[in-house]
Amino acid sequence: MTTKALEGVRVLDMTHVQSGPSATQLLAWLGADVVKLEAPTGDITRKQLRDLPDVDSLYFTMLNCNKRSITLNTKTERGKELLTELIRRSDVMVENFGPGAVDRMGFTWERIQEINPRIVYASIKGFGDGPYTNFKAYEVVAQAMGGSMATTGFEDGPPLATGAQIGDSGTGIHAVAGILAALFQRENTGRGQRVNVAMQHAVLNLCRVKLRDQQRLAHGPLAEYPNSQDTAEADEVPRSGNASGGGQPGWAVKCAPGGPNDYVYVIVQPVGWQPLSELIGRPELADDPEWATPEARLPKLNKMFQLIEEWSSTLPKWEVLERLNAHNIPCGPILSTKEIIEDESLVANEMVVEVAHPERGTFTTVGSPLKLSDSPVEVVSSPLLGEHNAEVFVGELGLGDEELRLLKSNGVI
């Protein structure tokens with residue numbers, strides 16, 4: 001029988017919405033036993049953005065696969081006693097409440113260490129210590145304050161949010177890295193530790209190349225940004241549309257028939273210019289000193305991509321892709337969400353998976369992007385609210401059936 005990478009690791013999951021559940025779902029996929037502790041009313045996302053009445057939403061189901069669910073009112077005295085016992089039996093505890101919320105329950109880090117010195121206690125917050133600490137953090141607030149929005153969009157337009165959930169799920173992935181490192185360190189020290197990850201910090205880490213460019217501005221304009229405005233006097237990194245911003249210029253060029261996602265992203269490497277000039281019907285540009293070298297092309301990136309687009313806009317994107325790939329020119333089609341959910345290769349790679357659900361039938365979700373040869377992932381359904389109360393409270397904590405009934409009638413679970 002195959003064992004999982006995190007077999008035997010128990011995670012007490014006190015998270016809700018997206019940043020925390022995205023982290024604990026990855027831990028579950030890696031084989032940890034993740035026990036999701038919810039208030040008796042449940043994670044708020046069970047009811048948000050519902051597509052079917054009285055059934056857990058896709059928002060919830062897609063972030064909480066492979067977990068068990070228990071309910072507990074941690075504001076009651078008995079609830080606090082049971083939480084203490086759960087902490088004692090766990091290897092990892094994860095929460096993403098507002099700052100100080102768990103402390104106010106009576107579970108400070110010092111108290112948690114007393115209960116279980118081996119526990120890894122991970123918190124996801126919006127911000128670090130300082131003037132922003134008590135700001136309410138949401139996905140796009142984190143994007144705004146981490147450097148993403150100021151550098152996303154076109155130069156004559158407003159700052160833009162990205163569709164990638166870099167504030168929530170991006171922070172969740174950073175939290176997983178910290179948790180795994182702390183578990184590994186525990187092997188040597190025998191002690192757990194505190195893991196703190198802030199959403200603003202995670203977004204900033206993902207925007208590090210923009211801080212690279214901020215420092216490069218001190219030595220002149222950023223030539224690889226094909227902005228029409230002169231950046232010579234700029235003192236901050238501009239929004240640069242679809243420019244790659246890297247060492248090799250890139251852009252999204254239009255394709256036929258001109259729909260919202262009929263685009264291919266093309267990178268122009270030095271070695272690719274000659275075959276590209278032939279493809280677009282301008283072979284003379286391969287040897288023209290005005291165009292032949294990367295240095296010559298850099299000041300006129302807009303014109304270069306316009307020439308490419310005059311060619312690409314006459315062909316469907318899959319044909320453009322085929323022709324570019326035949327010459328080893330780096331490129332990729334802009335795939336819509338519809339194309340992605342129907343992509344056979346993503347299904348074959350278990351990145352788009354169908355999951356059976358006891359109340360909604362089936363739903364489609366994103367599979368694990370972490371592929372371990374000795375720890376395969378089978379995505380199973382998110383739990384119903386309190387589905388594992390008897391299993392955990394009676395079967396593992398040793399409560400009697402009668403007490404379980406009383407806890408329910410008293411509103412403790």
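For region 1-106, the Stokes-Einstein estimate of translational diffusion at 4 °C and a viscosity of 1.567 mPa s comes to 89 µm²/s, using the Kirkwood hydrodynamic radius over alpha-carbon pairs. Under 5 Å between amide hydrogens, built in the peptide plane, is the criterion, and for H357 it picks out T362, F363 among residues at least 5 positions away or on other chains.
Relative to the current alpha-carbon distance between E114 and E81, full extension at 0.36 nm per residue lengthens the span by 10.5 nm. Binning the C-alpha pair distances of region 137-200 at 5 Å intervals from 0 yields a P(r) profile of 4, 18, 20, 15, 12, 10, 8, 6, 4, 2, 1, 0 %, listed from the shortest bin outward. Each of the peptides 100-111, 384-395 was scored by the mean count of other Cβ atoms within 10 Å over its residues; in descending order, highest first, they stand as 384-395, 100-111.
Proximity of backbone amide H atoms, modeled 1.01 Å from N, is registered between A39 and L72 at under 5 Å, excluding neighbours fewer than 5 places apart on the same chain. With N counted as the residues of region 89-220, its alpha-carbon radius of gyration over 2.2 N^0.38 Å works out to 1.25. The phi-based Karplus calculation (6.51 cos²θ - 1.76 cosθ + 1.60; θ = phi - 60°) puts the 3J(HN,Hα) values of region 148-165 at 6, 5, 4, 10, 10, x, 9, 4, 9, x, x, x, 10, 7, 8, x, 6, 7 Hz, whole numbers, x for Gly and Pro. Computed on the chain, with alpha-carbon pairs under 8 angstrom and 6+ residues apart, the relative contact order is 18 percent.
In angstrom, the C-alpha Rg and Dmax of region 268-413 are 28.2, 87.
Kirkwood hydrodynamic radius computed over region 289-347 comes to 13.7 Å, based on all pairs of distinct alpha carbons. Separation of region 285-314 from region 159-232 is 33 Å, based on Cα centroids.
Tell me which of P21, N261, A286 sits at the most positive position along the dipole axis of the chain, charges placed on C-beta atoms (Lys, Arg +1; Asp, Glu -1). About the Cα centre, the residue reaching furthest to the positive side is P21. Here the contact order of region 40-162, divided by its residue count and restricted to Cα pairs under 8 Å and six or more residues apart, works out to 14 percent. Over region 140-281, the hull volume per residue, using the convex hull of the C-alpha atoms, is 186 Å³.
Working from Cα positions, state the angle (0 to 90°, nearest 10) between the long axis of helix 301-312 and the longest principal axis of the chain. The angle comes out at about 90 degrees.
The equivalent ellipsoid that matches the C-alpha gyration tensor of the chain spans semi-axes of 49, 25, 18 angstrom, in descending order.
At a probe radius of 1.4 angstrom, the accessible area of the chain per residue rounds to 50 square angstrom.
Starting from the eigenvalues of the Cα gyration tensor, five times each then square-rooted, give me the equivalent ellipsoid semi-axes of region 1-53, largest first, whole Å.
25, 12, 10
With θ taken as phi - 60° and the Karplus curve 6.51 cos²θ - 1.76 cosθ + 1.60 applied, the whole-hertz 3J(HN,Hα) list for region 355-363 is 10, 6, 10, x, 10, 9, x, 10, 9 Hz, x standing for glycine and proline.
Length gained on full extension, V380 to A223, computed as 0.36 nm times the residue gap minus the Cα-Cα distance: 51.6 nm.
Adding -39500 (n - 2.57) for every DSSP H run of four residues or longer, then dividing by how many residues the chain holds, sets the calculated 222 nm ellipticity at -9000 deg cm²/dmol. What residues from region 369-401 fall in the zone where the backbone N is under 17 Å from a label point 7 Å along the Cα-to-C-beta line of E350? It comes to 369-382, nothing else.
For region 55-167, what % of the accessible area comes from carbon and sulfur atoms, probe 1.4 Å?
Carbon-and-sulfur percentage of accessible area, whole number: 55.
Amide H contacts under 5 Å for K125: V197, A198, M199, restricted to partners 5 or more places along the chain or on a different chain, H placed in the peptide plane at 1.01 Å from N. Expressed to the nearest 5 percent, the antiparallel share of DSSP beta bridges inside the chain is 40 percent. Remark: region 87-104, residue by residue, has Karplus-estimated 3J(HN,Hα) of 5, 4, 9, 9, 8, 9, 10, 10, 9, 9, 6, x, x, x, 5, 6, 4, 5 Hz, where x stands for each Gly or Pro and the curve is 6.51 cos²θ - 1.76 cosθ + 1.60 at θ = phi - 60°.
Run the Debye formula on the Cα coordinates of region 57-100, all scatterers equal and no solvent, and tell me log10 I(q)/I(0) at q = 0.31 1/Å. Those come out to -1.14, one per q.
One quarter of the convex hull surface, Cα atoms only: what value does that give for region 211-338 in nm²? Mind showing how you got there, number by number?
Numbers: hull surface 34.2 nm².
Taking a quarter of the hull surface, the average projection is 8.6 nm².
The stretch between Y132 and N188 holds 16.6 nm of extra length on full extension. This uses 0.36 nm per residue minus the Cα-Cα distance.
Extending 7 Å from the Cα toward the beta-carbon at both E359 and R50 defines two label points whose distance is 0.8 nm.
Cross-link partners for K317 among the lysines, with Cα-Cα distance under 21 Å and sequence neighbours closer than 8 places in the same chain left out: K254, K303, K338.
The values are calculated or read from the model by the stated rules, or taken from the named source; none is laboratory data. None of these values were measured; they are calculated from a predicted model. Positions of Cβ are backbone-derived with ideal geometry, glycine not excepted, and every protein chain shown enters the neighbour counts. Note: areas computed on protein heavy atoms with side chains; ligands, DNA, RNA excluded. Shrake-Rupley method; radii C 1.70, N 1.55, O 1.52, S 1.80 Å.
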